[in-house]
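All of the numbers you see were taken from the coordinates with simple rules; none came from a lab. Computed from a prediction, not measured in an experiment: that's the story for all the values here. Here the Cβ positions follow ideal geometry from the backbone for every residue, glycine too, while neighbour counts run over all protein chains shown.
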Ligand SMILES: Cc1ncc(COP(=O)(O)O)c(C=O)c1O
């Protein structure tokens with residue numbers, strides 16, 4: 001089955017009760033048993049729920065995995081991955097990543113004795129210097145949030161295989177429409193399904209997808225034991241979102257390209273970060289491992305600072321100034337004071353997240369209106 005068919009049919013069955021084409025919202029915490037243990041495969045909704053199961057099967061299908069797991073947020077999904085580890089273990093993570101992931105690693109899991117090394121991942125050879133007997137996991141986000149750096153997933157998979165490590169890839173920005181990390185050798189794909197998977201800014205959710213059964217069992221155990229699951233209503237919404245993922249992503253990519261090019265040609269713009277440009281340092285890798293470049297763009301205007309960047313985002317009228325990304329509507333953000341405020345200034349500036357950086361999540365509106373909005377806001 002090809003991707004554009006999988007988004008609609010992948011992993012899905014018509015509901016056995018009445019043939020409902022969309023999985024019903026099984027708004028129930030529990031399931032009747034005829035005798036203790038005598039149930040129809042579902043006993044308690046933290047463990048299993050039919051609507052969540054339909055979503056998890058759809059997620060596994062679109063990522064070319066075998067097992068999907070849905071969580072109450074993207075961070076809950078990341079939390080489950082790190083719970084595969086124990087005190088004394090070490091993680092090598094990209095140094096340019098979502099601020100909340102950094103906060104979870106450094107403010108929660110470091111206290112449990114897990115060590116994180118944050119490094120630039122432009123070259124897989126660099127990783128070797130940080131690997132020792134305690135290293136268990138490589139954490140990759142690509143494209144990175146918000147600098148749009150590209151990390152070579154195949155090269156990272158080679159390193160992780162050689163040293164018997166797990167490779168987890170946050171695929172939130174690319175989505176499986178553009179990039180399928182399991183096909184490139186990753187062990188775990190993670191999503192903030194809040195973003196493009198849901199696609200309509202109406203839910204908060206996380207997802208993991210794996211191929212390996214042993215690993216899936218461990219993660220299902222953690223999902224049930226820690227209990228950070230999503231509810232059936234949100235599962236239904238995410239499933240509905242997945243059905244149009246391919247069409248939305250196609251338009252996000254087209255609009256993203258037009259806006260990236262518009263910004264690059266603008267006399268007041270100093271730098272545009274978008275992996276589709278030939279001169280982007282990760283362009284060749286992106287070309288190889290992605291099927292397009294997406295609708296996420298970061299930029300800096302000439303001579304700008306904290307205040308002038310804030311003024312631009314405040315001036316926007318169609319782009320909404322808001323946290324988050326990946327919805328049908330265009331959003332603008334100021335990473336230094338919003339999504340990445342939890343990273344200390346000196347740390348975030350090392351990776352380019354300066355006070356004047358603006359991040360756009362380009363939606364699927366008419367691109368002429370979006371460009372006109374940027375034109376009036378930048379001035
Ligand atoms: C790349 C990335 N990963 C993970 C997360 C966390 O996801 P959530 O907000 O659904 O917990 C986000 C949120 O913005 C994100 O952008």
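You can think of it this way: the chain between residue 1 and residue 162 has 54.7 nm of extra reach, that is 0.36 nm per residue less the Cα-Cα gap.
A Gaussian network model of the chain, with springs between Cα atoms under 10 Å, assigns the largest mean-square fluctuation among 324, 29, 61 to 29.
Taking the inverse of the mean 1/r over every pair of distinct Cα atoms in the stretch 53-205 gives a Kirkwood hydrodynamic radius of 15.6 Å. Between residue 365 and residue 284, full extension at 0.36 nm per residue minus the direct alpha carbon distance yields a gain of 26.3 nm. Ordered by the count of other Cβ atoms within 10 Å of each Cβ, fewest first, 26, 18, 44 give 18, 44, 26. How would you classify the stretch 157-297 from its alpha-carbon gyration tensor, with a ≥ b ≥ c the square roots of the eigenvalues: rounded for a/c under 1.5, else prolate if a/b is greater than b/c, otherwise oblate? Here the stretch 157-297 falls in the oblate category.
Computed from Cα atoms, the angle from the helix 153-162 axis to the main principal axis of the chain rounds to 50 degrees.
Look at the alpha carbon pairs under 8 Å that are at least 6 residues apart: their mean separation over the length of the chain gives a relative contact order of 18 percent. Taking other C-beta atoms within 10 angstrom as a stand-in for reagent exposure, 177, 130 fall in the order 130, 177, fewest first. Listing 273, 293 from fewest to most neighbouring C-beta atoms within 10 Å gives 273, 293.
Dimensions of the chain from C-alpha coordinates, computed as largest minus smallest value along each principal axis and given longest first, are 73, 50, 34 Å. Spin-label model, residue 15/residue 243: points 7 Å from Cα along the beta carbon direction are separated by 1.3 nm. Take the alpha carbon gyration tensor of the stretch 302-379, find the square roots of its eigenvalues, order them as a ≥ b ≥ c, and report rounded if a/c is under 1.5; if not, report prolate when a/b exceeds b/c, else oblate. In terms of gyration-tensor shape, oblate. Residues considered: 124, 238, 286. Largest GNM mean-square fluctuation over the chain, using C-alpha springs under 10 Å, is found at 124. Annotation for residue 130 and residue 43: the two label points, set 7 Å from Cα along the Cα-Cβ direction, are 4.1 nm apart. The mean sequence distance of close C-alpha pairs (under 8 Å, at least 6 residues apart), as a share of the length of the stretch 215-305, puts its relative contact order at 27 percent.
When the chain is treated as a GNM with alpha-carbon contacts under 10 Å, the residue of 252, 280, 191 showing the greatest mean-square fluctuation is 280. Compared with the direct C-alpha span, the chain from residue 221 to residue 305 gains 25.5 nm at full extension, assuming 0.36 nm per residue.
Note on the stretch 3-242: antiparallel DSSP beta bridges, both residues inside, total approximately 40 percent of the bridges counted. For the chain, the longest principal axis of the Cα atoms and the long axis of helix 232-242 meet at an angle of about 50 degrees.
Based on C-alpha pairs under 8 angstrom that are at least 6 apart in sequence, the stretch 53-122 has a relative contact order of 30 percent. DSSP beta bridges confined to the stretch 155-307 are antiparallel in about 75 percent of cases. Measure nothing fancy, just the Cα-based angle from helix 245-264's long axis to the longest principal axis of the chain, in degrees from 0 to 90, nearest 10. The angle comes out near 10 degrees. Rounded if a/c is under 1.5, else prolate if a/b is larger than b/c, else oblate: which is the stretch 215-353, with a ≥ b ≥ c the root eigenvalues of its Cα gyration tensor? Since a/c reaches 1.5 and a/b is larger than b/c, the shape of the stretch 215-353 is classed as prolate.
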